[in-house]
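> Mind looking over this structure? Questions follow.
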Amino acid sequence: MDPNLTNDILKIFLDKGLLALTLAAAGYYINRSLERYRAANAYNQKLAEARIDAYRTIGRVLAEQALHVQHIVSILTHENEVPPRTDEQRITELITAYNELAASYTQESAALASNLVFCSLDTADLLANFQGALSQFRGAFQRGPDDPHAIQLLAEAVCDLQKQLPRLQTAIATELYEKPFGSAATLH
């Protein structure tokens, strides 16, 4: 065999072999990058779904708490009384409404606390302040009608709750709209 032909064949095999190795390495790198990208997208999708579920829970709990408080306030202020109730009926209804709030308070607080991980620090702070105002409301209510400061504390707590709820709802909506894929780590 001609030595030039052998060298040419060897060069062709070497050249094609190196090209094949280069293409295989490039294919491996591209495949690995695509898998990382898919995994990150899957993670972000799961995180977004978990955040939406968490905010649904937070929204439901806040709505229930606000309805309980509004019901108690309407009883105290004689709103929507048709026909007018006696003091005894009002007190019975007030105690029932408060007991409903108190019965659900622990479970609702636990639901809020377990979903705080999905909130930014600002939203979590607003949520904690709202829960604190609700605790003050409960504390004022528990003082009873014999305590001269109870009505004032109750009125202050109701005003505080009514101020905080719209800010909290706005913060939650803004957070979901602006950062739907944010995690607790990226939101802080």
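> Which pairs do you get when a residue that is under 19 Å from residue 64 (Cβ atoms), found in region 111-136, comes within reach of a residue that is crowded, with 17+ Cβ neighbours inside 10 Å and among the acidic types (Asp, Glu), reach meaning Cβ atoms under 8 angstrom, with the pair 6+ apart or on two chains?
Note: pairs meeting the criteria are 119/175; 123/175; 133/160; 136/160.
> Just give me the residues in region 91-105 being touching a residue at least 40 places away in the same chain (Cβ under 8 Å) and not aromatic (Phe, Trp, Tyr), in sequence order.
Result: 104, single match.
> Can you tell me which residue in region 1-55 is surrounded by the most Cβ atoms within 10 Å (Cβ to Cβ), limited to those that are within 19 Å of residue 177 (Cβ to Cβ) and not aliphatic (A, V, I, L, M)?
Within region 1-55, the match that is surrounded by the most Cβ atoms within 10 Å (Cβ to Cβ) is 51.
> Does region 53-75 hold any residues that are hydrophobic (A, V, I, L, M, F, W, C) and within 21 Å of residue 131 (Cα to Cα), and which are they?
Step one: filter region 53-75 for residues hydrophobic (A, V, I, L, M, F, W, C), giving 54, 58, 61-63, 66-67, 69, 72-73, 75.
Within region 53-75, 54, 58, 61, 62, 63, 66, 67, 69, 72, 73 qualify.
> If you don't mind, another one. Does region 164-175 include one or more residues that are among the aliphatic types (A, V, I, L, M), more than 18 Å from residue 68 (Cβ to Cβ), surrounded by fewer than 18 Cβ atoms within 10 Å (Cβ to Cβ) and at pLDDT below 80? Show your work before the answer.
Of the residues in region 164-175, the ones among the aliphatic types (A, V, I, L, M) are 165, 168, 171-173.
Still in the running and more than 18 Å from residue 68 (Cβ to Cβ): 171-173.
Checking which are surrounded by fewer than 18 Cβ atoms within 10 Å (Cβ to Cβ) leaves us with 173.
The next check asks that each one be at pLDDT below 80; those that pass are none.
Checked region 164-175: no residue is among the aliphatic types (A, V, I, L, M), more than 18 Å from residue 68 (Cβ to Cβ), surrounded by fewer than 18 Cβ atoms within 10 Å (Cβ to Cβ) and at pLDDT below 80.
> Since residue 58 meets every condition but one in (1) free of Cβ contacts under 8 Å to residues at least 24 places away in the same chain; (2) surrounded by 15 or more Cβ atoms within 10 Å (Cβ to Cβ); (3) among the aliphatic types (A, V, I, L, M), which condition does it not meet?
Failed condition: (1).
> Something else about it: Of a type outside the set (Asp, Glu), touching a Cys at 6+ places or on another chain (Cβ under 8 Å) and modelled with pLDDT of 75 or more: is that true of residue 127 in this structure?
Spelling it out, residue 127 is indeed of a type outside the set (Asp, Glu), touching a Cys at 6+ places or on another chain (Cβ under 8 Å) and modelled with pLDDT of 75 or more.
> Take region 82-116 and flag every residue that is loosely packed, with under 13 Cβ neighbours inside 10 Å and more than 20 Å from residue 140 (Cβ to Cβ).
Passing the criteria: 82, 83, 84, 86, 88, 89, 107, 110, 114.
> Out of curiosity, is residue 48 part of a helix (DSSP H, G or I) and in contact with a Pro (Cβ under 9 Å, 6 or more places away or on another chain)?
Criteria met by residue 48.
Quick grid of which residues meet (1) of a type in the set (Gly, Ala, Ser); (2) modelled with pLDDT under 85:
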| site | (1), (2) |
| --- | --- |
| 24 | yes, no |
| 31 | no, no |
| 68 | no, yes |
| 72 | no, yes |
| 76 | no, yes |
| 93 | no, yes |
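The values are calculated or read from the model by the stated rules, or taken from the named source; none is laboratory data. Here the structure is a predicted model, which means the values were calculated and not measured. Neighbour counts run over all protein chains shown; Cβ positions are idealised from the backbone, glycine included.
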